[in-house]
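Reviewing the structure listed below.
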Amino acid sequence: MRPIRLPEPPSPTMVKADIFEGGVYGVIRRAIVIGNGSSGSENQCIGLVQALGLADKHVLYRVSRPRGGINEWLHWLPVSLHKRLDYIMIQIGVYTRILLRSKRTKLVPLSSENGGSMGLSCILEADLKHIVSMAKETYEKDGPLLVVASGRDTITIASSIRRMAKENVFVVQIQHPRLHLNRFDMVITPHHDYYPLTPQAQEQVPRFIRKWITPREPPDQHVVLTVGALHRIDFATLRSAASAWHDAFAPLPKPLLVVNIGGPTSSCRYGVDLAKQLVTGLLSVLASCESVRISFSDRTPEKVYNVVVKELGDNPKVYIWDGQEPNPHLGHLAWADAFVVTADSVSMISEVCSTGKPVYVIGTERCKWKYSAFHKSLKERGVIRPFTGTEDISESWSYPPLNDTAEAATRVREELAKRGWRIRP
């Protein structure tokens, strides 16, 4: 590892109290993260909070939906309507069972608090009134509140917090909210979310439905554009992971190739055919690498998993993570000499591209719409290369690592300064 150059100690100067620098009212010391239960979305929020120096001073809230059964087909509904509908269906089910059993049992209404019996996880539920009250009531003592949200289900509550406590909060929405961007203090989203406005995209969409495709306008000044997704990986994280996973990875023969396999999406469709292509490619490059470690995501289809395990599971150079804790993901990022990643996940690709190490992507030809624009931008920057199976893994190459999270954090600080606010970790 490279030696770490420590910054020079600050010169002994008089530290001013907050009251002489705009008062406590202009100092942000805490944040809340509003997620939707998706690790990809929530990691973007936490990554930004971490980059702003508030990693240990934030609270996670979630906008949760009912799960299981027919609920998996109702995610297109607004969250509030989905919850009401689920509650009604539960009550109907309870009354039906009572009538069928012909029991004279008094029906007790089901509690919907924190999800109650509606199939929701018992964690901190994002409650609009509670968050707004907290922001207002603690403003004089603790200063403004930073609110960072991500995901479609968080849009309504995040924009409502800003509307109801505009003088007490700074609201950042990560990922494009599609409409009404002026309801947030800042929107952070990748360049490829604006792909629908490009001539290439317009040619792919019939004219009569173009007006329904969002976004409809180019970004304004309060929209921060990134190359990929925000995440929690930075130099300090990699350095810490390298130390934590030293005993597990240092003895491995080099070079070490890490393979991350996701799962098909509506914009990146693949199945067993890509799994077989990946296996063939990995068998071809085994001669140029001494160790291979493979990880799957929660979205990986069982058929894809089975193909990879069947063909590579007994190879002495290959280790396949079984999904049990501890998760070696950070160790992989810190110790890998190169990566092979499936094309379906912007977050997964963004993380490995923050290391500056060789990244080979498989399946880009199966992706369309804004995913193809994302892959194209990385190829043009020299950040990724296609995985063909002809690579020499022992030959290293590099590029300026993606630094989207730190750059977005800088923009947040700049916008806060315009308001006369600042962040004090």
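The values are calculated or read from the model by the stated rules, or taken from the named source; none is laboratory data. Note that the coordinates shown come from a computational prediction; the quantities given were computed from them, not determined experimentally. Neighbour counts are summed over all protein chains in view; Cβ atoms, including those assigned to glycine, are modelled from backbone coordinates with ideal geometry. Surface accessibility is based on the protein's heavy atoms, side chains included, excluding ligands, DNA and RNA. Shrake-Rupley method; radii C 1.70, N 1.55, O 1.52, S 1.80 Å.
State yes or no: is Phe184 aromatic (Phe, Trp, Tyr), closer than 30 Å to Lys136 by Cα and not assigned by the TED database to the domain that holds Leu312? It would help to see each step written out before you state the result.
Values: aromatic (Phe, Trp, Tyr): yes; closer than 30 Å to Lys136 by Cα: yes; not assigned by the TED database to the domain that holds Leu312: yes.
When the stated conditions are applied, Phe184 passes them.
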Is there any pair linking a residue in the range 239-251 that is under 12 Å from Ala336 (Cα atoms) to one that is modelled with pLDDT of 95 or more and not polar (S, T, N, Q), with Cβ under 6 Å and at least six apart or on different chains, and which? Ala241/Leu330; Ala241/Gly331; Ala241/Ala334; Ala242/Ala334; Trp245/Gly331; Phe249/Gly331; Phe249/Trp335
Criterion: free of Cβ contacts under 8 Å to residues at least 60 places away in the same chain and either of a type in the set (A, V, I, L, M, F, W, C) or in the same structural domain as Asp337 (by the TED database) (or both) - qualifying residue of Gly363, Gly382: Gly382
Sort out which residues of the range 216-237 are outside any helix (DSSP H, G or I), farther than 21 Å from Ile384 by Cα and either hydroxyl-bearing (Ser, Thr, Tyr) or open to solvent by 20 Å² or more (accessible area, probe 1.4 Å) (or both), and write them in order of number. Arg216, Glu217, Pro218, Pro219, Asp220, Gln221, His222
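Might you check whether a residue that is in contact with a Leu (Cβ under 8 Å, 6 or more places away or on another chain), outside any helix (DSSP H, G or I) and surrounded by fewer than 22 Cβ atoms within 10 Å (Cβ to Cβ) occurs anywhere in the range 335-345?
Taking the range 335-345 first, the residues in contact with a Leu (Cβ under 8 Å, 6 or more places away or on another chain) are 335-340, 342.
The next check asks that each one be outside any helix (DSSP H, G or I); those that pass are 336-340, 342.
Subsequent filtering for residues that are surrounded by fewer than 22 Cβ atoms within 10 Å (Cβ to Cβ) retains 337.
Yes, some residue in the range 335-345 is in contact with a Leu (Cβ under 8 Å, 6 or more places away or on another chain), outside any helix (DSSP H, G or I) and surrounded by fewer than 22 Cβ atoms within 10 Å (Cβ to Cβ).
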Can you report the number of residues in the range 285-320 which are touching a His at 6+ places or on another chain (Cβ under 9 Å) and part of a loop (DSSP other than H, G, I, E, B)? 0
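Could you list, in sequence order, the residues of the range 288-325 that are open to solvent by 70 Å² or more (accessible area, probe 1.4 Å) and at pLDDT 95 or above?
First pass over the range 288-325, keeping only residues open to solvent by 70 Å² or more (accessible area, probe 1.4 Å): 290, 298-299, 302-303, 305-306, 310-311, 314, 316, 319, 322, 324-325.
Within the range 288-325, Glu290, Glu302, Lys303, Tyr305, Asn306, Lys310, Glu311, Asp314, Pro316, Tyr319 meet the criteria.
Which of the following residues is in a loop (DSSP other than H, G, I, E, B), under 23 Å from Ile46 (Cβ atoms) and not assigned by the TED database to the domain that holds Pro328: His192, His130, His176? Even if it seems obvious, please write down each step before you answer.
Values: His192 fails: in a loop (DSSP other than H, G, I, E, B); His130 fails: in a loop (DSSP other than H, G, I, E, B).
Residue meeting the stated conditions: His176.
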Looking at the range 238-253, can you tell me whether even one residue there is closer than 26 Å to Gly363 by Cβ and either over 26 Å from the mean Cα position of the chain (by Cα) or open to solvent by 60 Å² or more (accessible area, probe 1.4 Å) (or both)? no
Residues that are buried (at least 22 other Cβ atoms within 10 Å of the Cβ) and assigned to a loop (DSSP other than H, G, I, E, B), drawn from the range 41-53: Leu52
Name every residue in the range 255-294 that is touching a helix residue (DSSP H, G or I) at 6+ places or on another chain (Cβ under 9 Å) and either basic (Lys, Arg) or more than 21 Å from Lys310 (Cβ to Cβ) (or both), in order of residue number. Pro255, Leu256, Thr265, Ser267, Cys268, Arg269, Lys276, Arg293
Kindly check whether there is at least one residue in the range 405-418 that is open to solvent by 60 Å² or more (accessible area, probe 1.4 Å), in contact (Cβ under 8 Å) with a residue 12 or more places away in the chain and part of a loop (DSSP other than H, G, I, E, B). no
Evaluation of Leu278 against (1) open to solvent by 20 Å² or more (accessible area, probe 1.4 Å); (2) more than 20 Å from the chain's Cα centre (by Cα) (one fails), failing number: (1)
Take Ser377 and decide whether it is touching a Gly at 6+ places or on another chain (Cβ under 6 Å) and not β-branched (Val, Ile, Thr). no
